[in-house]
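I have placed the structure first, in the form of structure tokens, so that the comments after it can refer back to it.
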Amino acid sequence: MMVSFFDQFASPSFLGIPLIAIAIALPWVLFPTPSSRWMNSRLTTLQTWFINRFTNQLLMPLNMAGHKWALMLTSLMVFLITINMLGLLPYTFTPTTQLSLNMGLAVPLWLATVIIGMRNQPTIALGHLLPEGTPIPLIPVLIIIETISLFIRPLALGVRLTANLTAGHLLIQLIATAVFVLLPMMPTVAILTAVVLFLLTLLEVAVAMIQAYVFVLLLSLYLQENV
């Protein structure tokens with residue numbers, strides 16, 4: 001029996017062994033692997049078309065140096081979408097509701113973009129800390145503000161993904177609980193609430209895909225500033 005609504009976000013374990021590693025690795029098994037045949041299946045063709053369209057859309061603003069990140073960003077996008085979508089199924093666990101996982105993805109990738117900028121074009125990278133035409137008295141204040149905003153970026157990436165998915169899951173569970181409670185007492189209200197629950201579930205499917213896209217898109221924008 002569930003003691004708290006937040007128990008659904010606790011990492012599952014079996015015999016004291018956390019199962020979050022299986023929850024992260026298992027979705028990759030669901031994707032079809034390209035074969036050596038001339039003709040692919042419809043599912044493989046659709047998957048290839050989606051990845052090509054996403055890669056073109058994401059890397060269009062980047063120069064050739066940023067195209068080296070194509071495989072990493074596309075894999076991250078597919079990984080996040082898959083985990084977020086599978087987390088909406090009953091009796092499943094959503095690893096991206098854990099801030100530790102999201103920060104583990106956000107901090108190294110953000111730090112890699114900063115290191116690339118400092119290595120390849122240190123003058124331009126440091127120039128982002130001070131907008132052009134700033135009055136002399138405001139220079140120290142703006143440098144501090146821009147430095148703080150730079151270091152807040154990975155925190156914003158991880159917290160945004162965690163907060164949106166956590167809020168959606170909590171809202172779905174609250175409305176589902178209300179449906180079960182109202183069903184024997186007020187069937188009409190329970191049916192209307194169930195319709196709202198269905199619409200909210202469709203919204204959460206869209207949120208699961210959009211949040212994965214926003215996560216990768218912001219990383220590509222950070223990369224664009226440093227390549």
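Could you pull out the residue among PRO90, PRO122, PRO95, PRO108 that is free of Cβ contacts under 8 Å to residues at least 40 places away in the same chain, of a type outside the set (Asp, Glu) and open to solvent by less than 60 Å² (accessible area, probe 1.4 Å)?
Working: PRO90 fails: open to solvent by less than 60 Å² (accessible area, probe 1.4 Å); PRO95 fails: free of Cβ contacts under 8 Å to residues at least 40 places away in the same chain; PRO108 fails: open to solvent by less than 60 Å² (accessible area, probe 1.4 Å).
Of the residues listed, the single one that is free of Cβ contacts under 8 Å to residues at least 40 places away in the same chain, of a type outside the set (Asp, Glu) and open to solvent by less than 60 Å² (accessible area, probe 1.4 Å) is PRO122.
Determine if region 137-156 includes at least one residue that is out of contact with any strand residue (DSSP E or B) (no Cβ under 7 Å at 6 or more places or on another chain), among the aromatic types (Phe, Trp, Tyr), at negative phi and surrounded by 12 or more Cβ atoms within 10 Å (Cβ to Cβ).
We begin by selecting, within region 137-156, every residue out of contact with any strand residue (DSSP E or B) (no Cβ under 7 Å at 6 or more places or on another chain); these are 137-156.
Next, from what is left, pick out any that are among the aromatic types (Phe, Trp, Tyr): 151.
When the remaining residues are screened for being at negative phi, the result is 151.
Right, trim to surrounded by 12 or more Cβ atoms within 10 Å (Cβ to Cβ) and you get none.
The answer is no, given that none of the residues of region 137-156 is out of contact with any strand residue (DSSP E or B) (no Cβ under 7 Å at 6 or more places or on another chain), among the aromatic types (Phe, Trp, Tyr), at negative phi and surrounded by 12 or more Cβ atoms within 10 Å (Cβ to Cβ).
From (1) surrounded by fewer than 14 Cβ atoms within 10 Å (Cβ to Cβ); (2) modelled with pLDDT of 90 or more, pick out the condition that doesn't hold for GLY127.
(2)
Wholly within region 37-128, which helices (runs of 4 or more DSSP H) include no fewer than the required count, namely at least 1 residues that are more than 30 Å from LEU142 (Cα to Cα)?
Answer list for region 37-128: 42-59, 70-86, 99-120.
Out of the residues in region 39-97 that are more than 18 Å from VAL29 (Cα to Cα) and of a type in the set (Lys, Arg), which is nearest to the chain's Cα centre (by Cα)?
ARG53
The values are calculated or read from the model by the stated rules, or taken from the named source; none is laboratory data. Everything numeric here is computed off the predicted structure, so don't read it as measured data. Every residue, glycine as well, gets a Cβ built from its backbone with ideal geometry; the counts of neighbours run over all protein chains shown. Keep in mind that these areas ignore ligands, DNA and RNA; they rest on the heavy atoms of the full protein, side chains included. Shrake-Rupley method; radii C 1.70, N 1.55, O 1.52, S 1.80 Å.
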